[in-house]
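The block underneath contains the structure these notes are about, expressed in structure tokens.
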Amino acid sequence: MIIDKAEVIVTSPNRNFVTLKLTTDDGLTGLGDATLNGRELAVVAYLTEHVVPLLLGRDAHRIEDTWQFLYRSAYWRRGPVTMAAIAAVDMALWDIKGKAAGMPVYQLLGGASRNGLLAYGHASGTDLPSLFDSVRDHLEQGFKAIRIQTAVPGLKAIYGIAAQSSFTGGGEERYDHEPARRGAKPVEEDWETRPYLLHLPKVFEAVRNEFGPEIPLLHDGHHRMTPIQAAKLGKALEPYDLFWLEDCTPAENQEALRLVRQHTTTPLAIGEIFNTVWDFKDIIREQLIDYVRGAVTHMGGITALKKTLDYAALYQIKSGMHGPTDISPVGMAAAMHLGLAIHNFGIQEYMKHGTRTNEVFQQSFTWQDGLLHPGDQPGLGVELDLDEAGKYPYEQAYLPYNRLSDGTVHDW
Ligand code: GCO
Ligand code: MG
């Protein structure tokens, strides 16, 4: 089973996606997600110029060998561009192997460890009434776990807050699709940690009073706090029993988590911007986190993330795979197959893709009673409609960034 065609497809139905499509000499195809939000074309070039020529003629069955070859032969290791490119190849090869075997990928990974995947959605609001509406929307959609993000009095624009409700069914009017956020320059947002630290516990108190103690609630700090601020927030949120506090400090300062950990029992999740097991090794071994946020798309694929999660399992640390809409339907499918198979699954982030995205990518996953399931089609269960994809050419799109009120650039 020889790889004899490798195409890199860029499409922007609701946002930009980079997909690798491999075809074998016996006509099987496999898809891999290589989307790196805001830096998409760097991965396109890495794949097209440096990886595709190496794939042609290789045995499509040799997933581990291909992974090791791409990782080690480059000499320059790790990094989001390299690891997104390797991830795409890895996913596409698992897709092909599943099709060759006539089995969904989760069967090849050991079979289902559960009936479906607990998933959390993103509720947000500019004030409490709009936040409550958004939570209600999510409950009606069947979500059994919900992330809570709110505006902070005095700050104009913050990541993760939709202008209206963050969930509108079709998924077209959310913060992650707003046209103002796509363009030739990154949108500037503002930030001050003090008003946020004062405000957030009150929001969680109000949400608990309105919706009760049962529903698992999550929050994303998006790397904005110092270690001692994060420790203080974790402690202040303890009465509201969070499922997790995510990215409380900048992820690259791993020692920070030791300090946070000493002060709070609020569970911690980190790692959406990590790309290898080396980024997780110490914080797993020292038990400084509770959930691994790595994405299949950015961690070098199913092969590499499974190894990281197996290592995390030794310490009762669970998966919490990244799943915003900048993970393509192919990357989401890979996450679902992996999540279904591993023993230490924790929760899956799930932001519904927009209508146009779902027309470009035909998907077999199901969403029922608050649980995701990748479906039982051979492979990953996703196909790409090239004609649909061709309607939506690449659009320059940057992530926003933050400045403090005195003008200092801050973590976004
Ligand atoms: C999350 C993330 C995302 C990121 C985005 C950047 O928890 O879902 O923080 O919303 O900001 O993926 O590309
Ligand atoms: Mg996050």
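The values are calculated or read from the model by the stated rules, or taken from the named source; none is laboratory data. Small disclaimer: the values here were computed from a predicted structure and weren't measured. All Cβ positions, glycine included, derive from the backbone under ideal geometry; neighbour counts span all protein chains shown. Ligands, DNA and RNA are excluded from the accessible area calculation, which covers all protein heavy atoms including side chains. Shrake-Rupley method; radii C 1.70, N 1.55, O 1.52, S 1.80 Å.
Within the chain, DSSP assigns beta bridges of which about 50% are antiparallel (rounded to the nearest 5).
From its DSSP helices (H runs of at least four residues, each -39,500 (n - 2.57)), the chain gives a residue-normalised ellipticity at 222 nm of -10500 deg cm²/dmol. Need one word for the range 3-103: rounded, prolate or oblate. Basis is the Cα gyration tensor (sqrt eigenvalues a ≥ b ≥ c); a/c below 1.5 gives rounded, then a/b vs b/c decides. It is oblate, given that a/c is not under 1.5 and a/b is not larger than b/c. Reported to the nearest whole Å, the Cα centre-to-centre distance from the range 123-150 to the range 70-105 is 36.
Computed in the context of the full set of protein chains, the accessible area of the range 3-103 at 1.4 Å probe radius has 55% of its extent on carbon or sulfur. Considering only DSSP states other than H, G, I, E and B, which trypsin sites (Lys or Arg not before Pro) in the range 324-412 qualify as loop sites with at most 16 other Cβ atoms within 10 Å? Qualifying residues, ordered by number: LYS391. The mean accessible area for residues of the range 3-103, using a 1.4 Å probe and ignoring ligands and nucleic acids, is 38 Å² per residue. Summarising the label geometry, the points placed 7 Å from Cα in the beta-carbon direction at MET103 and GLU205 lie 5.4 nm from one another.
Here the extension length gained between VAL187 and LEU41 equals 50.6 nm, from 0.36 nm per residue of separation less the Cα-Cα distance. With a Förster radius of 25 Å applied to the beta-carbon distance between LYS156 and LEU128, the computed FRET efficiency rounds to 0.85. In terms of packing, defined here as the mean over residues of other Cβ atoms within 10 angstrom, the peptides 394-401, 142-149, 329-336 line up highest first as 329-336, 142-149, 394-401. Within the range 1-104, the chymotrypsin sites (Phe, Trp or Tyr not before Pro) that combine a DSSP coil assignment with at most 11 other C-beta atoms in a 10 angstrom radius are TYR75, TRP76.
Rounded to the nearest 20, the Cβ-based charge dipole of the chain about its Cα centre (Lys and Arg +1, Asp and Glu -1) stands at 800 debye. Normalised by the number of residues in the range 117-377, the mean separation of alpha-carbon contacts (under 8 Å, six or more apart) gives a relative contact order of 18 percent.
Most tightly packed first, judged by the mean number of other beta-carbon atoms within 10 Å of their residues, the peptides 343-351, 105-113 read 343-351, 105-113. If I fit a long axis through the Cα atoms of helix 302-313 and take the longest principal axis of the Cα atoms of the chain, what angle between them do I get, 0 to 90°, rounded to 10? For helix 302-313, the angle is close to 50 degrees. Secondary structure note: in the range 284-412, about 75% of the DSSP beta bridges are antiparallel. Of the solvent-accessible surface of the range 117-377, computed with a 1.4 Å probe and all protein chains present, 53% belongs to carbon and sulfur. Kirkwood hydrodynamic radius of the range 3-50, from the reciprocal of the average inverse Cα-Cα distance over all distinct pairs: 11.2 Å. Give the shape of the chain as rounded, prolate or oblate, defined through the alpha-carbon gyration tensor: a ≥ b ≥ c are the square roots of its eigenvalues, a/c under 1.5 means rounded, and otherwise the shape is prolate if a/b is larger than b/c and oblate if not. Taking the square roots of the gyration eigenvalues as a ≥ b ≥ c, the chain is prolate. Among the GluC sites (Glu not before Pro) in the range 184-274, those placed in a DSSP loop whose Cβ has at most 14 other Cβ atoms within 10 Å are GLU214, GLU252, GLU255.
Think of a 1.4 Å ball rolled over the protein heavy atoms: the range 117-377 then has 37 Å² of accessible area per residue. Taking the longest Cα principal axis of the chain as reference, the axis of helix 128-140 is set at about 40 degrees.
A straight line joining the Cα centroids of the range 242-264 and the range 375-408 runs 28 Å.
Here the dipole of the range 3-103 is about 320 debye; that uses its Cα centre as origin and unit charges on the Cβ of Lys and Arg (positive) and Asp and Glu (negative). Selection among VAL277, MET351, THR126 by position relative to the dipole of the range 117-377 gives VAL277 as farthest towards the positive end (Cβ unit charges, Cα centre).
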